[in-house]
Amino acid sequence: MVAHSYQLKRADFIFKNENDWERILDKMLKRPTRELINELMSSELKGRGGAGFPTGLKWKLTAEDPSDTKFVICNADEGEPGTFKDREILTKVPYKVLMAMAVCGYVIGSNQGYIYLRGEYKFLVPELNKVIQEFEYYCKQIGHDFSIKIFLGSGAYICGEETALFESMEGKRGEPRNKPPYPSSNGYMGKATVVNNVETLAHTFTIFKYGAKKFYDLGVQYSRGSKLFSVSGDTPKPGIYELELGMSLQDFVNEFGDGDTKAVQVGGASGFLVPRKRFEKTTIGYRGKLTGISLPTGGSMMLFNSSRSMYNVLDNYLEFFREESCGQCTPCRVGCQQLHFGIKAVKRGDKPAQYLDKLLKLTETMQLTAKCGLGQSVANSFSSIVENFREEMIY
Amino acid sequence: MSNTIHVTINGIALEVEKGKTILDAANQAGMIIPTLCFHKDLCIAGNCRVCVVEVSGQKRLAAACATPCEEEMEIQTNSLKVRNSRKHIIELLLSEHNADCTKCYKNGNCELQELASEYKIMTQDFLRLAPMKNYTIDQFSPSIIKDDSKCIRCQRCVRTCAELQGVNALTVAYKGDEMKIASFFEKAMNDVVCTNCGQCVNHCPTGALVERNYIEEVWDAISDPDKHVVVQTAPAVRVGLGEEMGMEVGSRVTGKMVSALKRLGFNAVLDTDFTADLTIIEEGTELLNRLKKALKEKDNSVKLPMATSCSPGWIKYIEHMYPEFLEHLSTCKSPQQMFGALVKTYYAKARKIDPENIVSVSIMPCTAKKFEANRPEMHDSGYRDVDYVLTTRELAIMIKQAGIDFKKLPDEKFDRLMGESTGAGVIFGATGGVMEAALRTAYELVTGREVPFENLNITPVRGMEGVRQATIKIENPLTQWDFLDGVELKCAVAHGLVNAQKVMDEVKSGTSQYHFIEVMACPGGCLGGGGQPIPTSPEIREKRMEAIYAEDAGMPLRKSHENPEILKIYQDFLGEPLGLKSHHLLHTKYIGRDRL
C-alpha cells in the first residue's frame, strides 16, 4: 500500500489489552450515575448493532423507569450474514464487556446481567464462563452485587431483534413484540431492560477509561468514535478492522478492494448494496454530510468483484430472509417469499422484466408495514441491488 | 393527570380515554378500520398488518390494533399510502391462501373474502404460493377439519386455544415461509389433546378450521322413506339460529326453528330440553345421594365436589388433564346422549317403530357433541344412540338450501313424546344454567319449598364472570333430609376451560370447599359454543344470554320436576331416578387419557 493514498483512520481501542479493568470498575462505581450517563451522552456513542440508537439515552431512559427489578442484556446473537466481530470481542477481551455490563447495572439499578449468545457460538461458553466466574468473584470482593448468566440462543436470526430476544429468553417462540411499549420500560419479563450489542458495551469501556472526549474526537459529526468492520468477500485481506466512522466508501475500497471491486454490500443482508459509481458519494456513518448518502451499519462489509453475479447475491440474501423471517407478520412472511420466488420467475422468463417494478413497490410496503426491523430492512438489499443491477436480474 | 388524550382521525378532533388504541379511537369516531388478526375475545397480536394507519411524523405505518393513542396524534386511516399498503397486504394474503372460494365451506362467511371484495382485488399479479406448499387436509377428527392451505396465520385459533381454553392444541410451528399452525408434532387432530370444543372454528376468519359437516348424510336420511328421522334441538340453538338467518343478535326463534325443521322433512321435531330436565332429576338425585353418604353415613370414599357432565368438551378436558378426578364427574350422560338412548328405546316402543329404522339427529351449538356421539360407549340403545350431530350453522345451511324464508315462518310447537320442557331445561344453554336448574329442583326436593330467590331466578350463579361461587343455606328440611339442616351448600360455576382449570386446581390442592361444580367448556356456556353462528364476541354472547333467560321467564313451567313428560317417563318406563333402567341408558363411564 502506497502511504499517501492511505485515507482510512485506524483506531485501536477495542482489542487493546487493558489489564486494569478492576481499577476502572472501582472508579466508575464511585461516580454518581448521572455523571456516567452524561459521560456516555457526550461521547455520542450510538448502538453498534446496526440501529444506532444513542446508548447514553437508552441507559438514561431505563435508569428513570420506576421498575423494582431491571436487567442488563448483552446481545451476542450475532447473526447478520458477514458479521463476525462480536465473537472476536468475546474471545479476546470479554472482561471489557462484563465490566461495561456491571457499570450499566449500577447506572440503571440492576444486579442481573445476561449474555444472549448465538447458538452457533456455543464453543465460547466454557472460556466465557471462566471469565464470568472470575469477574463475579471480584465483584463480590468489592461488595458489588452483580451476576451474569449466559443464555444460549437456538439459531434463529430473528432473536437478535431485542423483543424477540426477550420472548426467546422467556421460553417462548422468538417473535418480535409490538412496540410500544419499549424495552426501557417493558423488556425481559416485562421489566425495564437495557439491551446493548457486544461491541457497544466494549466501546463504553473505552469511554469510561479514557473519557468521552477521546472517543468523541474520533469520527465525524453525528458519527462519532470508531467501529469494528467485518471485511469479507473479494478482498485480499479479509478480517476485522477498527476504523473511524465517517470514511468514504471509495477510501475503504482503495484499502480493501482487489482492484476490480464492482459493489460493496454495507451492513450485511439487511443492509445496502453500493455500486462502484456511488463509492465516492457514500460515507459510512449515521447521518450524511450535506451531499451524498451515508449508511449506518453493524459493520459487515462484503466486497464483490466483477466475477460475481449480483442475481446470485440477491438470490442468496432472499433465501436467507425467506427462511429467517419469524413468519408472524404478513408483509415479511409472504413478502419475502414473493421477492425470492419473484426474481427467480423473472430470471426464468415466467414473469416479464416489469414484474421487478411490482416487486420494488412491494418492498416499499414491507418497509412501511412490517412489524419489526427484519421485514422493514429486506427492502434495503432488494431495491439497492435491483435498481443498480437490473440487467443482471433479467438476463 | 388528565385521563383523556386528544387526537385527530382524518382531521376530526377526538377525545379518547388514555390507554385506548388507535382502533378503539377510530371506532369511537365511527370509522371502520379493517382487521383480521384482531378479535375482541383475544389479546392483541398485531401480525396481519391489515389495520395499518398513517400517523403524522412517523416514517412507518402503525398497526391500529396495537398502537396506543398519544397526545396530539394525527391519524389518517384512508390515505393513499394506507390504501396501497393495505391492498398489497390483502394481495399477499390471497397469494398464500388457497383462494378457490367457490369450493370452500366458508364461502360467504370469510373475513379475507370480504376484504378482497371490499378492496376489489381483481387481479392476481403475485405468484400463487399456496399450491407450492403441498398441504394435506386433516379430516381425521369427527368434529374439526383443518386445512392449512386456507390459513392466513393470524393466530386467532392459537390464542383462542391458549387464552380461552388453556388447552394449546394448536400452536405455531416452524418459521419463515414454512411457518404454520400445527398440532402437537403435527399429529392428526383426533390424536392430540384437543377437546373438540370448536372455539378455534368459531374464531377462525377463513375456512382453515371448520366443523366436519354431516349435511348430506342428514338429507339422505330424510329422503329415505324407510327411515323415521327424529331431530332434537339443544337449548342454545334457539337463541343463535336467528343470527344466521339475518335476524338480530339475541332473537328468540324457538317456534320458527321448529317450523323450519318440520318443513325440512324431519318426522319428529323434539327437544333436548326434555332430557335437560331429565338430567336434573338424575343428577340432582345423584348429588343428594353423594351428600347423604358423605354427611350422614360419613363415608369418606364419596367424591365431592360433584361436577356436571353435560359439556363434552369439558369431559374430554378432564379426561386428559385431571384423569385422577374422573370419579368427581356425575355419571349422567349429557342431555344429547340421554335423548339418543331414549329415542331408540322409550320413544321407539311408544311410537311402535323399529329402532333399526330410526335415524337420530341432533342440532347442537357444539362441535364436541359430534365427538361425543361418536364415542364407543354411546350405544346403550343397542344402536348408535345419536347418528348425526349438526351445528347451528349446519342447520342454517339446510334451511337456506331448502328455500325456506325463515323470517316469515309461523311459530310451531315441538312434537310429543319428548318435546315438553321447562325453563330449567332452557337455561342449560347459559353458563350457570345447569347449576340453577339443579338448585331449583334439589332445594325443593329437600325442603318442600321453592328456592328462596325472587321468581326462581338464582342470580348469584348467573353472569359472565369466569368463575362464580354461590352458597345456599338449607334450613328446615323435610325429615328424611334432616342431616342437611343448616348445611351451606357451596357451589362453583366455571365457563371456558381456563376457568375450569382454576376450579380444578383448587379441588386438586384440597382447599376447595365445594359440593357441586358446573363446568361448561365454552365461554358463556353453550350459547357461546363452537357450533354457534360466527362471529362471536362478549357482546354477542351477552345478548344470547339475555334471550335464554327471557325464554326461561316466559315458560309456564320453570322447574324440571314439574315437567309432566318427565313424570310420565318415570311412571311408564324408567321407574325411579338412578334405577336400573336409568343406570343402563342414562349413565356412563369416563376414560383416563394421556396428556400428550
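Show me the helices (runs of 4 or more DSSP H) found entirely inside the stretch A:285-395 where at least 1 residues are of a type in the set (S, T, N, Q).
Numbers: elements: A:310-324, A:330-348, A:355-369, A:373-388, A:390-394.
In the stretch A:285-395, the matching helices (runs of 4 or more DSSP H) lie at A:310-324, A:330-348, A:355-369, A:373-388.
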Filtered residue count, the stretch B:213-238, keeping only those that are surrounded by 24 or more Cβ atoms within 10 Å (Cβ to Cβ) and either at positive phi or in a loop (DSSP other than H, G, I, E, B) (or both)
1
Of everything in the stretch A:363-386 that's within 11 Å of chain B (Cβ to nearest Cβ) and touching a residue at least 60 places away in the same chain (Cβ under 8 Å), which residue is surrounded by the fewest Cβ atoms within 10 Å (Cβ to Cβ)?
A:GLY373
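Can you find a residue that is at the interface with chain B (Cβ under 10 Å from one of its Cβ atoms) and among the aromatic types (Phe, Trp, Tyr) anywhere in the stretch A:300-318? Steps first, answer last, please.
Pass one, the stretch A:300-318, residues at the interface with chain B (Cβ under 10 Å from one of its Cβ atoms): none.
Within the stretch A:300-318, not a single residue is at the interface with chain B (Cβ under 10 Å from one of its Cβ atoms) and among the aromatic types (Phe, Trp, Tyr).
I'd like to check which helices (runs of 4 or more DSSP H) are fully inside the stretch B:340-423 and have at least 3 residues that are surrounded by fewer than 19 Cβ atoms within 10 Å (Cβ to Cβ). Let's see the steps before the verdict.
Values: elements: B:348-351, B:368-373, B:392-401.
The helices (runs of 4 or more DSSP H) meeting that bar are B:348-351, B:392-401.
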Of all residues making up the stretch A:326-362, the number that are more than 10 Å from chain B (Cβ to nearest Cβ) and of a type outside the set (A, V, I, L, M, F, W, C):
6
Please enumerate the residues belonging to the stretch B:427-450 that are β-branched (Val, Ile, Thr) and under 16 Å from B:ILE281 (Cβ atoms).
B:ILE427, B:VAL434, B:THR441, B:VAL446
Identity of the residue in the stretch B:270-318, of a type in the set (Val, Ile, Thr) and surrounded by 24 or more Cβ atoms within 10 Å (Cβ to Cβ), that ends up nearest to B:LEU390 (Cα to Cα):
B:THR272
Could you tell me which of the residues B:ALA547, B:ALA521 is closer than 26 Å to B:SER381 by Cβ and crowded, with 19+ Cβ neighbours inside 10 Å?
B:ALA521
Just need a number here: residues in the stretch B:492-524 that are touching a residue at least 40 places away in the same chain (Cβ under 8 Å) and hydroxyl-bearing (Ser, Thr, Tyr).
2
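Going by what's in this entry, would B:HIS203 be described as closer than 16 Å to B:GLY529 by Cα, surrounded by 15 or more Cβ atoms within 10 Å (Cβ to Cβ) and at pLDDT 95 or above?
Working: closer than 16 Å to B:GLY529 by Cα: yes; surrounded by 15 or more Cβ atoms within 10 Å (Cβ to Cβ): yes; at pLDDT 95 or above: yes.
Yes.
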I'd like to know if the stretch B:443-463 contains one or more residues that are under 20 Å from B:ARG252 (Cβ atoms) and touching a His at 6+ places or on another chain (Cβ under 8 Å).
no
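Among the listed residues B:LEU127, B:LEU80, B:LEU92, which satisfies the condition of being under 24 Å from B:VAL201 (Cα atoms) and either outside the structural domain of B:SER183 (by TED's automatic domain parsing) or over 28 Å from the mean Cα position of the chain (by Cα) (or both)? Spell out the reasoning first.
Values: B:LEU127 fails: under 24 Å from B:VAL201 (Cα atoms); B:LEU80 fails: under 24 Å from B:VAL201 (Cα atoms).
After applying the criteria, what remains is B:LEU92.
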Among strands (runs of 3 or more DSSP E) lying entirely in the stretch B:75-189, which contain 3 or more residues that are without any contact (Cβ under 8 Å) to a residue 60 or more places away in the chain and more than 14 Å from B:CYS200 (Cβ to Cβ)?
none
Please count how many residues of the stretch A:138-177 are more than 16 Å from B:LYS175 (Cβ to Cβ) and small (Gly, Ala, Ser).
3
Is it fair to say B:LEU36 is within 10 Å of another protein chain (Cβ to nearest Cβ), within 28 Å of B:CYS204 (Cβ to Cβ) and either modelled with pLDDT of 95 or more or in contact with a Leu (Cβ under 9 Å, 6 or more places away or on another chain) (or both)?
yes
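Could you tell me whether B:GLU565 is out of contact with any Lys or Arg (no Cβ under 8 Å at 6 or more places or on another chain) and among the acidic types (Asp, Glu)?
no
Of everything in the stretch B:122-141, what is acidic (Asp, Glu) and more than 14 Å from chain A (Cβ to nearest Cβ)? Give them in sequence order. Talk me through it step by step, then tell me what you get.
From the stretch B:122-141, those acidic (Asp, Glu) are B:125, B:138; that's our starting set.
Scanning the stretch B:122-141 gives a single hit, B:ASP138.
Being more than 19 Å from B:MET189 (Cβ to Cβ) and in contact with a helix residue (DSSP H, G or I) (Cβ under 7 Å, 6 or more places away or on another chain) is the requirement here; does B:SER95 meet it? Quick ask: steps written out before the conclusion?
On the way: more than 19 Å from B:MET189 (Cβ to Cβ): yes; in contact with a helix residue (DSSP H, G or I) (Cβ under 7 Å, 6 or more places away or on another chain): yes.
Here the answer is yes, as B:SER95 does meet what is asked.
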Just wondering, is there one or more residues in the stretch B:127-136 that are buried (at least 22 other Cβ atoms within 10 Å of the Cβ) and touching a strand residue (DSSP E or B) at 6+ places or on another chain (Cβ under 9 Å)?
no
Being closer than 30 Å to B:ALA260 by Cα, in a helix (DSSP H, G or I) and more than 14 Å from every other protein chain (Cβ to nearest Cβ) narrows it down to one residue among B:VAL210, B:VAL201; which is it?
B:VAL201
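The values are calculated or read from the model by the stated rules, or taken from the named source; none is laboratory data. Just so you know, these numbers come straight off a predicted model, no measurement behind them. Ideal geometry is used to build each Cβ from the backbone, glycine not excepted, and the neighbour counts take in all protein chains shown.
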